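Participant: First, the structure itself, so that you have it in front of you.
The values are calculated or read from the model by the stated rules, or taken from the named source; none is laboratory data. Please read these numbers as outputs of a predicted model, since none were measured by experiment. Cβ atoms come from the backbone with ideal geometry, glycine included; neighbour counts cover every protein chain shown. With ligands, DNA and RNA removed, areas are computed over all heavy atoms of the protein, side chains included. Shrake-Rupley method; radii C 1.70, N 1.55, O 1.52, S 1.80 Å.
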Amino acid sequence: MDHTVVTDYTRVSECENVKVYVRARPCADGSEPFDGMFERKKDTPKNITIKDVDKSQYGEHAFSFDNIFWTQTSQEEVFESTSKPLVEYALRGINSCCFAYGQTGSGKTFSIFGETGEKDGIIPRCTDYLFDMIERNQQSDRPNKPEITLVVSFLEIYCDRVRDLGREYVQKTGRPVSYQQSSSADWYLRQKAMKRTDSTTSLLSTQSTKEDGRADYEKENLEIHEDATGQVFVKDLSMIEVTRRDEVNVIVQMGLKLRSTHETKMNAVSSRSHTVFSIHVFQHDLATNEVISGTLNMVDLAGSERLKKSESDGQRLKEALHINSSLSAVGKVVMSLDPESRFNYIPYRDSKLTRLLQNSIGGNSFTILIATIHPMKEHYEECLSTMQFANRCRTVQNQPRVNYINQSVVDKDRRIRKLQDEIAILKRKLEYIRAEQNQRMGTILKELGYEVSGFTEEGNVQLADGTVVVATEETILDMNGNPITLSRSDGAAHSPTKRKKSLSEHGRNQELRRTIDFLRKERDYMRQKVEDVKSAVLQAQAELKREKDDMLRQLQSQKREILRLESELVRKDEVLVRVQAQGASKHKEEIQHILEHSQALQRSSTVAGRPSVIYSKPDVPVPVPVDFAQRALLLEKSKEGDIALIKEQYECLLSRKKQELADLTKQWTEAQTASKSTIETLKEEMAELYVYTTRLFQASQVHLQRKGQDTPWPKPLLTNTTKLRHFRALLGSDPVVQARVQHEKDSKRIAGPRPVSAPARRPLSAGYATQFRGRIMHHPGMGPTPSVVAAGGDIVDDDSDQELNAMSVNELRMRLREERARQRTRPEVPDDDSALVEQLRTKLQHEMQRSRELRASIAALQRQQDKHQHQATQERTKSGTRPKSAKRSAAPTPREE
Ligand SMILES: Nc1ncnc2c1ncn2[C@@H]1O[C@H](COP(=O)(O)OP(=O)(O)OP(=O)(O)O)[C@@H](O)[C@H]1O
C-alpha cells in the first residue's frame, strides 16, 4: 500500500557547523526492526522514511540527516564519523559539542559513555584520541610546540539542580583542585597569573572556595553565571587538571556512580539526569604568548518518556516531568533558532539545561547531535518525534570560531579592531540588504500601480507625487488578505481601484509576502548581529578601560613607591656621610694619638743611658721622621713577640708546677692511705693484746690468790701507767676498737664463755705487738699458771674469765693500782723464788700441751658424734619421723691456737 508523504524534510539545507545523525539501537527483544515502519534506500543512505503502519492515513515522513547508523553499527564507526572531528576542533581552539537525544532506553548513555572494551562510548574514545593527538604533537619535530593544559569537569542536571559529578574523584583522591569562579578562559588566565606570581603554588591548588565537607551532594545546587563577555559557567564546579587518560576514565566512572539512575518500566538503568562532561584544552604558544582554548562538551540527555507508557509515579514522575520540560526547552530553543520561526529572542533562560548549552546550540561551537531511536513498532511516536527534533536541529546556525584568550592590551586592541572591521562589513551588508529590500519594495509598488520616483536618504521609497512609503512591521502583519498596507507620509489613502487591481493578483502577492517576510527576518537577523557585535565591542572597550584604569592605578602606586624609595635613599645617604665623617675624625684622632705616642717613644730611645722619662708636649707639634711609622710598627711587633714569649714561658712553668703538685698530692695520698692502714692494723693488734693481757693478768691473779700465792705483774708494761692510760685512751676512743670489743662482748653473750687461752684472731702483723706478746709469754710471772689447769689436764674456763670479761677498764685500772700498792708494800721476791717460778712455768707449758692434745681428741670425738647424729637424722627423715634437735655438748668447742 502506497503512503502519501506528508512531510518531506529531505531538502532542508544543512548547516556546516551543526551535524545531525540518527542512531537506531538493536531491538530490546532481539527482533529485527519492525518491517515496514522505516524505509531506507541504498542509493540515499542518509535518507529515511518513517510511517505508522496502523494509521496509514497519516502518511509518512521523510527525513534526511548527515548520517544514519542502523542497529548493527559499531561504536567505533559512530565515533569515527561523528565525534572524532570534535577532538580536532577542540585542539584547534574551537568549542565543540556532542549531544545524545532520544527517548528513554534508546541508547544515549550507550553512545556517549558506552560499556567496557569494544563497546566504549564517545567519551573514552575522544579522550584516547585527544591524548594520542597530543602525544603525537609533542613527539613531532615541529618547532614552538604549545604548552597544553587539559582540564575536565563533570556535572549533572537533576530535577533542575546542577550537581558536581567530579567532586567524588576530588574527594576520594584528595588531589588539588580549583573551582570555577569565572568562564573557563578567564579561569585559565587567573590560574596562570597565580602560577606566575607564586611558582610554588600548584595550578590547581588555589581558588578553592569549597570545603570537603560541604552540603550533602543530594541537596547540591550549583549556580549558573555569565561573565562580562557573555560566557556561561557553573560557579564552584570542580575543574580537574589531568595529564593521563586513565585519570579521565576514573573521573568518568566515579561520576557515573554518583549520577542519578533508576530502574523504570522502559529501561533497567534509566538516567534521570542530563550530564555534561567537558574537556577544556588550553594551548599556550610560548613563542607568541598566544593562548587558545577549545572546549569539548559531551552531553548525555535524559530520555524523554511518555508518562502513559512509563507509568512513572512519585519521585520518578517528578523526575520525568523535569526531564520532559527541560527537553521541550531545548526544543523551543532549537525552534527559535530556525530563521523561519517568529521568535524574537532565543529562550535560553527557560531551563538550566538550555542556559548551560547556550554556546553549543546556536552559539560559538561546532555541534553534533546523535538522535537515538528504538526501532520497534510500539515506539513509533517516539521515533517520529525524535527525528522531527533532529530535523529541526539541522536548521540551527552555529558560529564557531577560534577562542583566543587575549592576555595583553595589544591583543585586546587587535580584537577590537577585528570587531570593528566586522561591524563595518555587517553595516555594508545591511545597507546592501536594505537597498535590495527597497529595490524589491519599489518593484512591488510599481506592480501595484504606484509610480516610484526614487528613494529617500533613509532608504524609504518615494513616489512620483512626493509621497514617502514606509514599510513597517505592522503593515506586513496586518495584511489579512491585503498583501501590503502602505501609509502615506501625508496620511492620504491610496486609490481603491488600484488596490482592487492588486487583490486580483493574489497568488503573486503571496509570493511577495513571503519574500518580504524573508527579507524582514534577514534584516532582523542582521540587526541582531550588529547589536551583538556592538555589545561585544562595548564590552571589550569597557574591559580595556578597566584594565587601563588598573594600570594607571598601578602606575600611580609605583610612582609613590619610587618617591618613597628615593627619599629613603637620600636619608640613607645623609646617614652614610655622617658616619663617614665620624669615622674619619675618629681615625684622625687615633692617628694623632699614635703619632704622639711614638714620638715620645722615639725621644726616649734616642736619650741613651738616661732614665726613660717621657716628657710629652701634646700641644707642641713635633716633626716626624720619614721612617717613623715603619719603626713604630717594628717596635710594636717586637713588643708583641716579647709578650708572646713571656706568656709561653709562663704557661710552660705553670703546667710544670701543676704536674709537680699533682704528683706530690698523689704521693701524699698514697702515704696517707698506707699509714692509715698501718695504724689500723696496729690499733687492732693493740686492742687484742690489751684484752688478752688483761684477761691473762686477771686469770693469773685470781688463780694465784686462790692458791695463796702472789705473782708479780711484768713491770715493763703494766707498771708503766702512762703507757697503759695511753693505750686505753687510744683504744677507748677508736670506733673500730670499740666496735670490736663490743662485738666480742656480744658474741660471748650469745656463744657463752670463751677460753682465755688465745685471742680470737692472730694479728696479721708480727711487729711490736708480737714482740710484746712474746715478752709477756716469756716473762716468769706470765707463763701459764698452774691454777688454770684443772685436775685431769683440762683447761678450766672458770668464773674468773667471765669476771674478767665483765670488768670495765676502770675496774681493771683500780685493780692494777691496788696491785701496784701491794707490790710496793710487799717485800721483794727473793731470788730463790725464781726457781719455783721456772718450775711452775715448765709445768704450765706441759699442762698446756696436754690440754691441747685433749682438746684435739675432744674435737675429733665431737665431729664423730655430729656425724652419727647427722646420719641418724637423715634416716629418721627418710622414715617420716621428725628429727629431734641434736643435743650438743654443753662444753664449748675447743679452739685451736
Ligand atoms: N547500539 C546499541 N547496541 C547495543 N546495545 C544497546 C545499544 N543502544 C542501547 N543499547 C542497550 O540498551 C539499553 C538501554 O540503553 P541506554 O541506557 O543507553 O539508554 P538511554 O537512552 O540512555 O536511556 P535513558 O534515557 O533511560 O537513560 C542498555 O542496556 C544498552 O546496553
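Participant: By accessible area of protein heavy atoms, probe 1.4 Å, what ranking do 428, 434 get, highest first?
Facilitator: These residues rank, largest area first, as 428, 434.
Participant: I would also like to ask the following. With every protein chain left in place and a probe of 1.4 Å, what is the accessible surface of residue 468, to the nearest 10 Å²?
Facilitator: 30 Å²
Participant: Could you grab the Rg to Rh ratio for the range 273-357? Cα atoms only, Kirkwood for Rh.
Facilitator: On the Cα set of the range 273-357, Rg over Rh gives 1.16.
Participant: Could you sort out which of 41/265; 84/172; 46/265; 42/521; 51/309; 84/418 sit more than 29 Å apart by Cα distance in this structure?
Facilitator: Pairs exceeding the cut-off: 41/265; 84/172; 46/265; 42/521; 84/418.
Participant: Okay, moving on. If packing is taken as the average number of other Cβ atoms within 10 Å across a peptide's residues, how do 371-379, 631-639 rank, most packed first?
Facilitator: 371-379, 631-639
Participant: Counting only protein heavy atoms, what percent of the accessible surface of the range 235-284 is carbon or sulfur at a 1.4 Å probe?
Facilitator: C and S fraction of accessible area: 50 percent.
Participant: Residue 246 accessible area, nearest 10 Å², 1.4 Å probe?
Facilitator: Accessible surface of residue 246 is approximately 70 Å².
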